[in-house]
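We did not get these values from a lab; they are worked out from the coordinates using the rules stated. Keep in mind the model is a prediction, meaning the values are calculated, not measured. For neighbour counting, all protein chains shown are included, and Cβ atoms are generated from backbone atoms with ideal geometry for every residue, glycine included.
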Amino acid sequence: MTSLKRRGFLGRLSVWLESAKRAFSQQPTRPKLVFLIRHGEKTGKKNDTHLNARGEERANALPGLFPAVFPAPDFIFATKATANSNRPVETVMPLAKALGLTVQAAFANDEALLLARELLASGRYAGKTLLICWHKGKIPALATALGVAGKLPEWTEQHYDRIWRLHYPPCGNVVFANLPQRLLPGDAEV
C-alpha cells in the first residue's frame, strides 16, 4: 500500500472509529424491560367499567409478582379511564400503592402507538423497567410498536393471566417471552 493510500485508509478508519465511539457513548433510549398485561377480569355487564371480584383479586395479588418473581417496575402505565372502562387503572393500582408509584394514565386505548413512541424515544425510560396494563385488542400492536418482531399470540376473551416480557439487550433485538402470571387458582401453569 502506498503512503497516500495508507493515509486515506487511516483517515477513513479514524472517522469511522470516532463515529462508532460517539454512537456507543450515547445513552440508550430503550427501556431495560417492559412487561405487558391485560386488565383483570370484567363483570361482563354492558355498562360496567369496573373489575369483577376475580379481577379485584388479581389486582390485589399483582404485588406478589413484583419484585418476588419479576423486577419491580420503575414506571406503571395504564390506559386512560373512559366511560367504558377503568379496569386497567384498577388492575395496577394496588401494585402502584405497594411500590409507592403513580399510575401513568395519560394515553387512551387507541393511543398505544403514541405511548410506544414516547417510551422508546424519551431518555426518561432508558434502562428502566416498565409495566403496562392495556386492553387485549391493542396489546399485540403495542408489543410490535415496542420492537417485538414476528407473530404474537392472540389474547382471547378468557386470557387474563398472561404477562408478556420484552427484554431490551444492550445491542440487538427485543427478546419476547409469553409467561404465566400464576396469581390465582385456575391460572395457566405454562
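Taking amide H as placed 1.01 Å from N in the peptide plane, the amide H of Ile132 sits under 5 Å from that of Phe35, Leu36, Ile37, Phe77, each at least 5 places away or on another chain. Highest-first packing order for the peptide set 108-120, 169-181, 135-147 is 135-147, 108-120, 169-181, based on the mean count of other beta carbon atoms within 10 Å. Near Ile163, the amide H atoms lying under 5 Å from its own belong to Leu179, Gln181; only residues 5 or more places off or on other chains count, and H is placed 1.01 Å from N. Of all lysines in the structure, those lying under 24 Å Cα to Cα from Lys151, and not within fewer than 8 positions of it along the same chain, are Lys32, Lys136, Lys138.
Compute the helix-to-body angle for 3-25: its Cα long axis versus the longest principal axis of the chain, expressed 0 to 90° and rounded to tens. So the helix axis and the longest Cα principal axis differ by about 20 degrees. Taking the C-alpha atoms only, the angle from helix 87-99 to the longest principal axis of the chain is near 70 degrees. Along the stretch 118-124 the Karplus relation, 6.51 cos²θ - 1.76 cosθ + 1.60 evaluated at θ = phi - 60°, assigns HN-Hα couplings of 4, 5, 8, 9, 7, x, 4 Hz to successive residues, with x for each Gly and Pro. Between Ala81 and any residue 5 or more places off or on another chain, the built amide H atoms are never under 5 Å apart. Just one of [x] 10, 39, 39, 12, 0; [y] 9, 33, 31, 11, 7, 5, 3, 1, 0; [z] 8, 29, 32, 17, 9, 3, 0 is P(r) over Cα pairs in 10 Å bins from 0, in percent calculated from these coordinates, so which is it? Read-out taken from this structure: [y].
Only aspartates and glutamates eight or more places from Lys42 in sequence, or on another chain, were considered; those with a Cα closer than 14 Å are Glu56, Glu57, Glu90, Glu157, Asp161.
Rounded to the nearest 500, the 222 nm mean residue ellipticity of the chain from helices alone is -10000 deg cm²/dmol, with -39,500 (n - 2.57) taken per DSSP H run of at least 4 residues.
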